[in-house]
Each structure stands twice: as C-alpha cells, then as structure tokens.
Ligand code: ADP
Ligand code: MG
C-alpha cells in the first residue's frame, strides 16, 4: 500500500504558517502591509493583551470584491503578481499570497470587507475551517479581527515570549511601518491606550517625532544623494544623539523595512570617527530603486533582501550622511548640548 499522500490544505497551511507567522507582531506586519498595498489612507491597529487576546486592523483601502474573498484565503492566491516576470519587479509589499491562509489556519479570523461597489462580505475562518460566509453591508475598506492565536498549535503558543516582549515586537514593527508610510494615517492602540498616531500628511519628520520624541527629531539632519541606480533620502541624528543599539536605524527599500548588515555599516561609516564605539545613530533611510535591482523573495517574512550593486549603494549612503553631518555638526555646540 502506498505510504505517501498529499497533506490536506489546512495542514499544509499550518506548516507554511510557521515561516510567516512566528508571533503576534508577524500578524500585525502582514495585515498592515496588506492595508498599505490596498492604497489605504487610514489604518487603525487595535491590539489587546499583546495580541494574545486579539489583533484588529481597520483600513479604508480598496477592499476585496465579494467573489474574491474566499480565494484571498487560499494559499498562493494573490492579486499582486501573476507572471514570472512580475516576480523580478515586485512593487507591492506582499506577493506570496501566504499571509491570510497562514493566519486563518492558526487562529480565528473574521474579515469584513467591501470594495465599495458590490455588497460587502463577512467571512469567519477558524483553524482553516470556514465558519461563516455572508453578505455584510459595510463601507469600503477592510476590517479584520484575529483572536485565539495558535489555539490549535500549542507548541507555537508556548514558544511566545512574555506579553511585554511581544508588545515590544509589535510596537517595533508598527514604528517601522509608520516610518515607511508617512502618507498613511496610522493609529496603534493597545489595551485601549493609544501608543502611536501619525497624521498621514507625508511629513516623515513628524512621524520621527511621534516615535522618537520631538527633541530627538530636532537633532536629526536631512540627507539625500543619488546616482543612476539609486536615490537615498532620510534623516539621521547628529553625532551627539546616539543609542546603544542598532535598532534605531530603519532601512527602507521602496518603502519596505528591511534588515541589512552592510548598509547599516555604511550608515555608521558616514559618521567617520564621530561616533563612540558601541554607539549608533537614530536614522531613517529611504532607498528608491528600480525593483529589478532587488530580490525580495529570499526570506519568508521578507526581512532580508538581495540587492544588486550593494557596494555602490553603500558608498552612496555613506557619502550622503557624511556631507549632511559635516554641514550641521556645529549645531549641537552652538546649542551647548555637548
Ligand atoms: P499577498 O499580500 O501576498 O497578496 P495575502 O494572503 O496577504 O497575500 O492576501 C491575499 C490577497 O487578499 C491580496 O493579494 C489582496 O488582493 C487581498 N487583500 C488582503 N488584505 C487586504 C486588504 N486589507 N485590503 C484589500 N485587499 C486585501
Ligand atoms: Mg499580504
């Protein structure tokens, strides 16, 4: 008798979910990215008990037409790419079609969505099983509510850290999403307590102030630089304003937050000998490039990417920072803050 059989869809989704959905912060990331991809102007993130109880994301984006709602929860189902060529020039944050089925396979998800033209839809999926699928009269946009995370995968539930740690992870990802999308009004509320609110007016400095405080934002200088392949812009703190960790550096490639050791080094390099050993700046750097120059399909959560001409980009960044810091480096002295 044959011993090999295909896994059921639900089981396959649960296995795949392990790569995409590690913790509550991964859910926030995936859902907010979906809202951004759907051209939302306003995104509200409402979390209870660090996501152990629930995560709700409300957006005013494109919504999903009723005929597509069921498909959206299928694995590898996406509206964002369709051909192999598209994969080499991904312009959206998502494209793998894995987030919704993954989340729905390991939690209880209710989505209410409308594209503003046909009648809206409400769908409830728990552990990959459809519990409810009906018409719902709603405004355009998407409201997605997740509870009982990892109820059916106890090992993963156990792997989660303390509520404080999980909340810190969520806050970190929300901050990076807000920094990457200053033209979207984002609110983040935890246990009825507002943690972040951005205006959505496109002003990155204001978003930086909302996250790192006004006095830090005032001590950051603007930089820009470009060549035939890349354009870099952003704000970086004067050498007097530093932190003991690299995590106050946000690198965004075409608005996607990524981690990259080499580019982080280039930022630090821009300070020359002005930074003390073990001290790092607060920086937000936007890198705009032709998507053909970046492969985002190397990491399931897309945290790491592969960039062509990375050395050239690194130099461009180092020079940009060096010049801005040199021009502004007298300001802290003038303010008597050193
Ligand atoms: P991906 O983002 O990689 O396409 P997802 O599983 O995250 O895959 O989402 C599947 C599809 O559902 C998306 O391609 C998109 O068409 C639709 N979708 C998901 N979330 C939203 C949203 N908030 N607003 C509009 N459409 C959405
Ligand atoms: Mg997605």
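Below are the figures for this structure:
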quantity: Matching residues in segment 25-50 - criterion: being more than 13 Å from the chain's Cα centre (by Cα) and either over 17 Å from residue 115 (Cα atoms) or modelled with pLDDT under 95 (or both); calculated: 44, 46, 47, 48, 49, 50
quantity: Residue in segment 13-21 that is under 17 Å from residue 303 (Cα atoms) and assigned to a loop (DSSP other than H, G, I, E, B) present; calculated: yes
quantity: Identity of the residue in segment 37-69, away from ligand 2 (no atom under 16 Å from the Cβ) and under 20 Å from residue 20 (Cβ atoms), that ends up surrounded by the most Cβ atoms within 10 Å (Cβ to Cβ); calculated: 47
quantity: Long-range neighbours under 8 Å by Cβ, at least six apart or interchain, first residue under 11 Å from residue 144 (Cβ atoms) and outside the structural domain of residue 143 (by TED's automatic domain parsing) within segment 37-62, second away from ligand 1 (no atom under 13 Å from the Cβ) and modelled with pLDDT of 95 or more; calculated: none
quantity: Evaluation of residue 68 against (1) free of Cβ contacts under 8 Å to residues at least 60 places away in the same chain; (2) more than 10 Å from ligand 1 (Cβ to nearest atom) (one fails), failing number; calculated: (2)
quantity: Residues of segment 175-224 that turn out to be surrounded by 15 or more Cβ atoms within 10 Å (Cβ to Cβ) and at positive phi, as a count; calculated: 1
quantity: Residues within segment 98-129 that are closer than 12 Å to residue 149 by Cα, crowded, with 24+ Cβ neighbours inside 10 Å and in contact with a strand residue (DSSP E or B) (Cβ under 9 Å, 6 or more places away or on another chain), tallied; calculated: 5
quantity: Test: residue in segment 83-90 that is outside the structural domain of residue 302 (by TED's automatic domain parsing) and within 24 Å of residue 189 (Cα to Cα); calculated: no
quantity: Unmet criterion (only one of (1) away from ligand 1 (no atom under 16 Å from the Cβ); (2) without any contact (Cβ under 8 Å) to a residue 40 or more places away in the chain; (3) not in a loop (DSSP other than H, G, I, E, B)) for residue 7; calculated: (3)
quantity: Of all residues making up segment 71-89, the number that are within 9 Å of ligand 1 (Cβ to nearest atom) and either in a helix (DSSP H, G or I) or touching a strand residue (DSSP E or B) at 6+ places or on another chain (Cβ under 9 Å) (or both); calculated: 3
quantity: Any hit, segment 40-50, residues being within 22 Å of residue 299 (Cβ to Cβ), near ligand 1 (Cβ under 9 Å from one of its atoms) and in contact with a strand residue (DSSP E or B) (Cβ under 9 Å, 6 or more places away or on another chain); calculated: no
quantity: Residue 107 being more than 30 Å from residue 282 (Cβ to Cβ), in contact (Cβ under 8 Å) with a residue 24 or more places away in the chain, within 16 Å of ligand 2 (Cβ to nearest atom) and in contact with a helix residue (DSSP H, G or I) (Cβ under 6 Å, 6 or more places away or on another chain); calculated: no
quantity: Residue satisfying condition, being surrounded by fewer than 18 Cβ atoms within 10 Å (Cβ to Cβ) and near ligand 2 (Cβ under 10 Å from one of its atoms), within set 74, 80, 89; calculated: 80
quantity: Scope segment 10-36; condition in contact with a strand residue (DSSP E or B) (Cβ under 7 Å, 6 or more places away or on another chain), closer than 24 Å to residue 163 by Cβ and within 14 Å of ligand 2 (Cβ to nearest atom); matching residues; calculated: 27, 28, 31, 32
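The values are calculated or read from the model by the stated rules, or taken from the named source; none is laboratory data. Values in this document were obtained by computation on a predicted structure and should not be read as measured data. Cβ coordinates were reconstructed from backbone atoms using ideal geometry, including for glycine residues, and neighbour counts include every protein chain displayed.
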